[in-house]
1. What is the Å³ per residue value for the convex hull set by the Cα atoms of the stretch 124-194?
2. Take the Cα atoms of the stretch 37-107, find their three principal axes, and give me the spread along each one in whole Å, biggest first.
3. For residue 80 and residue 145, what is the calculated FRET efficiency with R₀ set at 25 Å and r taken between the beta-carbons, to the nearest 0.05?
4. Round to the nearest 0.05 the FRET efficiency obtained for residue 24 and residue 177 when R0 = 45 Å and r is the Cβ-Cβ distance.
5. Using the alpha-carbon atoms, what tilt in degrees (0 to 90, nearest 10) does helix 78-95 show relative to the longest principal axis of the chain?
6. Go ahead and estimate [θ] at 222 nm for the chain from helices alone: -39,500 (n - 2.57) per DSSP H run with n ≥ 4, summed, over the residue count, rounded to 500.
7. Decide, for the stretch 72-181, between rounded, prolate and oblate: order the square roots of the alpha carbon gyration tensor eigenvalues as a ≥ b ≥ c, take rounded if a/c falls under 1.5, and otherwise choose prolate if a/b is larger than b/c, else oblate.
8. Treat the count of other C-beta atoms within 10 Å as a stand-in for reagent exposure and order 44, 162, 94 from fewest to most.
């Protein structure tokens, strides 16, 4: 089935984000990339911000799909599934830094109900991976939403530091993957009795 003009415009905006960041995404540039008139995007989007919100929504839907697929894979090993999902998130951030920032740190993006719903559905799929991991490693006493938030925030913080060039070995931030490894080692270490 052929992509609709709307889909082509969203893909063009995502491509322009990848190539030149947010400043590269203008309605005119998106239209040019699709080979349509400069007014054509306005038939589908009120403006640039709405177009960017749809790009973000589509990427959150992709993240949700990856998390759900990871949840189905490695049926006997929830830890491997969770780490695999985090690896996909890290790979996405490295491959698409401008889109990653759009999803997780762009304050100018005005979220509508569809974007908020897609972001929450993505997190819920991630939370289910964490819940399965908790049961496997015997951490059932922790709230799965809070633990998912901790892992998610740690991963995002490490990614943001690396993308921004503010991570360093001297800070214990060798790589995002290493930060996640250290987090899981700490989570899985038996509690010490006082």
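1. 104
2. Taking max minus min along each principal axis of the Cα atoms, the stretch 37-107 gives 52, 20, 20 Å.
3. Values: r = 22 Å, r/R0 = 0.88.
Efficiency for this residue pair is about 0.70.
4. Values: r = 29 Å, r/R0 = 0.65.
The pair residue 24/residue 177 has a calculated efficiency of 0.95.
5. 40
6. Counting only the DSSP helices, I get -23000 deg cm²/dmol.
7. Values: a/c = 1.90, a/b = 1.19, b/c = 1.60.
Because a/c hits 1.5 or more and a/b fails to exceed b/c, the stretch 72-181 counts as oblate.
8. Working: 44 16, 162 20, 94 13.
Least to most surrounded, the residues fall as 94, 44, 162.
A short reminder: the numbers here are calculations on the coordinates, not readings from a lab. Predicted model only: the values in this text are computed from it and were never measured. For neighbour counting, all protein chains shown are included, and Cβ atoms are generated from backbone atoms with ideal geometry for every residue, glycine included.
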